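J.: Quick one: the structure is below, questions incoming.
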Amino acid sequence: MAVDNGNGERLDVVDILTADHREMTELLAQAEHTPDATQRRELVETVIAEVMRHSVAEEMYVYPAMEKHLPNGKEEVEHDKQEHDEIVQVMKKLEDADAADPQFMALVQSLDKQLRHHANDEESDQFPSLRKHLPLDQLVDMGDKVQKAKQLAPTRPHPSAPHSELFHKSVGPGVGMIDRLRDKLTGRTSS
């Protein structure tokens with residue numbers, strides 16, 4: 001699934017992931033400012049699904065490229081995976097929290113802070129480094145793979161799932177299918 005910029009040019013992985021970051025933080029801002037608990041829950045559920053799809057796609061395609069091509073890539077990936085763990089823990093708490101409870105908003109603010117920190121790390125350092133060390137055609141190809149992976153990825157947090165390329169490529173699509181079925185059966189907003 002090639003994504004273009006509206007001018008017929010395909011987007012690279014950096015453009016796609018940066019747009020994801022913007023969308024997630026905008027949805028969280030909407031959730032923080034809506035007085036309606038049902039709407040707040042729907043916005044947060046959409047963010048959770050987007051974060052999961054985004055994270056899994058990164059772990060499948062972006063992190064292996066970072067480890068291989070970036071100076072200190074392995075350390076950067078380990079740091080990012082740790083941040084993914086922390087984000088998943090907050091999202092799991094959000095899943096079980098009542099959207100009308102003040103604690104829900106505290107968790108939303110915590111998630112927003114963690115996502116902004118993680119996005120800033122990637123956008124200020126890692127993404128420019130990817131563009132420096134990989135040719136554009138590889139970045140565009142990686143963007144296509146990320147988009148496809150996001151379609152099959154889980155939509156719910158699974159704190160005990162490993163953050164590994166092999167797990168996501170072998171087991172992840174099945175977990176994603178079950179998540180999407182649960183979403184449909186429960187009426188959960190995930191897109």
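What follows draws every value from the coordinates through simple rules; no lab data is involved. What you see is a predicted model; the values in this text were computed from it and never measured.
J.: For the stretch 60-103 and the stretch 35-55, what is the centre-to-centre distance using only Cα atoms, to the nearest Å?
T.: Using only Cα atoms to place each centre, the spacing works out to 16 Å.
J.: Separate question: For the stretch 74-132, take the convex hull of the Cα atoms, compute a quarter of its surface area, and give me that in nm², please.
T.: Its average projected convex-hull area is 4.2 nm².
J.: Å³ per residue of the Cα convex hull, for the chain?
T.: Cα convex hull per residue, to the nearest whole number: 116 Å³.
J.: Sticking with this structure for a sec: Between residue 74 and residue 160, what length comes free when the chain is fully extended (0.36 nm per residue of separation minus the Cα-Cα distance, one decimal in nm)?
T.: 28.8 nm
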